[in-house]
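The values are calculated or read from the model by the stated rules, or taken from the named source; none is laboratory data. Bear in mind the structure is a predicted one, so any value in this text is a computation, not a measurement. Here the Cβ positions follow ideal geometry from the backbone for every residue, glycine too, while neighbour counts run over all protein chains shown.
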Amino acid sequence: MEPTSIILFGATGDLAKRKIYPALYNLYIEQKLPETFSLIGLGRREWSDEFFQAQVEKSLNEFSRRKPDPERVKSFVQAFRYNVLNISHKEDYIQLLKLVEQREAELGIPSNRLFYLSVGPEFFEPIAENIQSSGLGSTEGWKRLVIEKPFGHDLQSARDLNHKLSEAFTEEEIYRIDHYLGKPMVQRLETLHQSNPIMKALWNNRYISNVQITANETVGVEERASYYDHVGAVRDMFQNHMLQLLMMMAIQLPYNSTTEKVGQKKKHIMESIEPLQKQNVGASVIRGQYAEGFIQGKAVSAYAAEPGVAENTMNDTFIAAKLQIDDFFWRGVPFYIRTGKRMKEKSTRIVIEFKEPSGQSNAAKSNGSKPNLLVIEMSPDQSMTLQLNASDPQNKGEFKPVHIDLAPDREDLAEAYENLIRDALQGDPTFFAHWDEVELSWAWVQPILEAFEENLLPLHLYPAGSYGPVESDEMLAAEGHHWWFDEPSEQFAEDALAAPLAVNSNL
Ligand code: BG6
């Protein structure tokens with residue numbers, strides 16, 4: 001890996017503390033960082049280098065997956081410097097350039113610069129522009145821009161943002177983080193169907209009945225109401241993480257595919273998803289908002305009563321949708337996606353349900369046969385399991401599911417941010433969201449945004465601690481399916497408040 005300067009905007013922020021410093025430290029321990037590197041942290045607060053280094057150390061003690069070793073931490077933070085920067089002050093960037101060059105000279109490293117924007121999206125444009133105009137971006141080595149989501153608020157704003165960024169960075173230099181693409185099981189999914197002819201042969205509508213992608217969270221809106229109330233589940237999770245999971249699941253990759261190939265295939269998937277019409281969004285999209293309820297026995301308030309949430313809010317904290325990919329491989333296979341806050345449990349998973357053999361299915365069912373499943377758990381557990389039927393000789397030959405572990409060696413898995421930061425440093429854009437994908441995702445989601453905006457479909461309230469509105473279950477039931485692994489609802493029915501739940505009366 002080439003020696004590099006990492007220039008981190010938002011160095012005093014939460015993401016840096018929780019994810020970026022621990023990821024860098026773990027890469028450092030595994031010798032996956034350049035041997036010589038400089039990190040310059042930027043923020044508005046007046047911090048000294050020493051104070052900054054102490055804060056980094058503190059964040060490692062709190063958030064690193066590996067217990068930090070004091071000696072190694074000391075040498076790790078040696079590379080860290082801090083600089084006060086006001087994002088809109090052009091002269092601060094000139095000052096920054098001097099510091100970057102000074103560190104490059106001290107360390108004897110070439111001007112390879114990775115600009116990491118761990119800041120709110122409203123700052124992406126001015127920062128990129130100032131990097132360009134100050135000369136920070138005029139390097140003899142390479143330069144890269146790493147940015148966090150959200151990339152735009154809708155199709156038009158995403159296009160505008162991309163246009164602006166492209167005045168300072170080429171598409172090849174822009175690394176848009178979608179941390180779901182860094183999750184180890186998502187990365188293994190790519191290898192699973194590339195390298196196994198058996199899987200490859202099954203990866204289509206001949207054998208697959210339906211695909212379910214779930215990202216349920218128990219947390220509510222936390223302290224992020226001012227952001228979340230303008231965004232909702234559709235922008236916060238669905239347009240990016242969920243559609244990226246769908247692309248990664250559905251692509252058919254030849255062995256040893258290049259990054260370009262992966263990009264082309266993902267683009268093809270997005271282009272093949274049947275578009276929605278604004279007036280008909282309600283036929284395949286369910287939106288919900290959590291009402292009061294219980295999470296693990298603890299009473300929690302309704303979304304509408306959370307501090308910072310607008311009165312009469314119609315914001316979605318849950319969305320479920322059915323998507324159809326109209327291509328040779330997937331025609332006729334429903335992809336069900338759902339994500340929500342304040343759900344019964346934290347679980348991020350993909351379930352691929354295989355078709356049952358025709359003809360003998362009733363007889364087999366009465367003998368205990370279950371559909372074959374491939375289950376990819378991403379959080380809180382990480383696993384990839386194939387469920388097959390075997391006959392149980394101890395039980396009159398009845399069927400019994402057997403589970404094949406397709407992802408052993410799960411000890412010490414790297415965190416998503418480790419994978420992504422390493423890739424960005426290496427210049428490997430495979431697991432980043434490319435502009436084509438981002439644009440196509442916004443384009444697909446746009447009718448949903450408009451239908452929500454214009455209240456063209458009901459906002460269903462669901463009790464906190466449930467699996468979302470019953471309408472989401474009904475959407476699958478109408479096609480003879482059900483969400484896999486949801487626990488029966490008796491428990492939450494007992495917990496739930498007596499107040500009847502209705503469709504939001506603001507409609
Ligand atoms: C973020 C969203 O992108 O992903 C959050 O903004 C959400 O609202 C988070 O909680 C979920 O990530 P994970 O990795 O915990 O599933």
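Applying the set (1) under 21 Å from PHE115 (Cβ atoms); (2) touching a Leu at 6+ places or on another chain (Cβ under 6 Å); (3) in a loop (DSSP other than H, G, I, E, B) to LEU42 leaves exactly one unmet item: (3). Take TYR175 and tell me if it is touching a helix residue (DSSP H, G or I) at 6+ places or on another chain (Cβ under 9 Å) and without any contact (Cβ under 8 Å) to a residue 12 or more places away in the chain. Spelling it out, it is not the case that TYR175 is touching a helix residue (DSSP H, G or I) at 6+ places or on another chain (Cβ under 9 Å) and without any contact (Cβ under 8 Å) to a residue 12 or more places away in the chain. Being over 25 Å from GLN446 (Cβ atoms) and away from the ligand (no atom under 16 Å from the Cβ) is the filter here, so list the residues in the range 211-261 that pass it. Residues satisfying the conditions are GLN252, LEU253, PRO254, TYR255, ASN256, SER257, THR258, THR259, GLU260, LYS261. Close Cβ contacts (under 7 Å, 6 or more residues apart or on different chains) running from residues in the range 219-243 that are of a type in the set (Ser, Thr, Tyr) to residues that are within 8 Å of the ligand (Cβ to nearest atom) and part of a helix (DSSP H, G or I) comprise TYR228/ASP236.
Is it the case that SER88 is in a helix (DSSP H, G or I) and closer than 28 Å to TYR227 by Cβ? Break it down into steps so the answer makes sense when it comes.
Values: in a helix (DSSP H, G or I): no; closer than 28 Å to TYR227 by Cβ: yes.
Answer is no for this residue.
Residues in the range 404-442 that are among the β-branched types (Val, Ile, Thr) and over 14 Å from the mean Cα position of the chain (by Cα) were compared, and the one that is farthest from MET249 (Cα to Cα) is ILE421.
Considering each residue of the range 181-195 in turn, at least one proves to be within 24 Å of LEU114 (Cβ to Cβ), within 16 Å of the ligand (Cβ to nearest atom) and touching a Leu at 6+ places or on another chain (Cβ under 6 Å). Selection of first residues in the range 379-391 that are more than 16 Å from the ligand (Cβ to nearest atom) and of second residues that are of a type in the set (Ser, Thr, Tyr), restricted to Cβ pairs under 8 Å at least 6 apart or on distinct chains, gives the following pairs, ordered by first then second residue: ASN389/SER369.
Matching residues to (1) buried (at least 23 other Cβ atoms within 10 Å of the Cβ); (2) under 18 Å from ILE147 (Cβ atoms); (3) among the aromatic types (Phe, Trp, Tyr):
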site	(1), (2), (3)
PRO3	no, no, no
ILE7	yes, yes, no
ASP14	no, yes, no
ARG18	no, yes, no
TYR25	yes, no, yes
GLY41	yes, yes, no
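Consider the range 416-433 and keep the residues that are surrounded by fewer than 20 Cβ atoms within 10 Å (Cβ to Cβ) and assigned to a loop (DSSP other than H, G, I, E, B). The one that is farthest from the ligand (Cβ to nearest atom) is GLY427.
Within the range 301-320, identify whether any single residue is under 30 Å from LYS200 (Cβ atoms), away from the ligand (no atom under 16 Å from the Cβ), touching a residue at least 24 places away in the same chain (Cβ under 8 Å) and surrounded by 16 or more Cβ atoms within 10 Å (Cβ to Cβ), and answer yes or no. Scanning the range 301-320, I find at least one residue that is under 30 Å from LYS200 (Cβ atoms), away from the ligand (no atom under 16 Å from the Cβ), touching a residue at least 24 places away in the same chain (Cβ under 8 Å) and surrounded by 16 or more Cβ atoms within 10 Å (Cβ to Cβ), so the answer is yes.
In the range 137-180, which residue that is farther than 16 Å from PHE123 by Cα and polar (S, T, N, Q) is farthest from the ligand (Cβ to nearest atom)? Filtering first and then ranking leaves SER138. Kindly indicate whether ALA407 is surrounded by 17 or more Cβ atoms within 10 Å (Cβ to Cβ) and within 16 Å of the ligand (Cβ to nearest atom). So ALA407 fails the test.
Under 21 Å from ASP154 (Cβ atoms), within 13 Å of the ligand (Cβ to nearest atom) and touching a Ser or Thr at 6+ places or on another chain (Cβ under 7 Å): does that describe MET270? So MET270 fails the test. Of note, LEU276 does not satisfy the criterion of being within 16 Å of the ligand (Cβ to nearest atom) and surrounded by 15 or more Cβ atoms within 10 Å (Cβ to Cβ).
Taking the criterion of being surrounded by fewer than 15 Cβ atoms within 10 Å (Cβ to Cβ) and at pLDDT 95 or above, the only residue of the range 340-379 that qualifies is LYS346.
Does at least one position in the range 403-424 carry a residue that is of a type outside the set (Phe, Trp, Tyr), within 30 Å of HIS481 (Cα to Cα) and touching a residue at least 24 places away in the same chain (Cβ under 8 Å)?
yes
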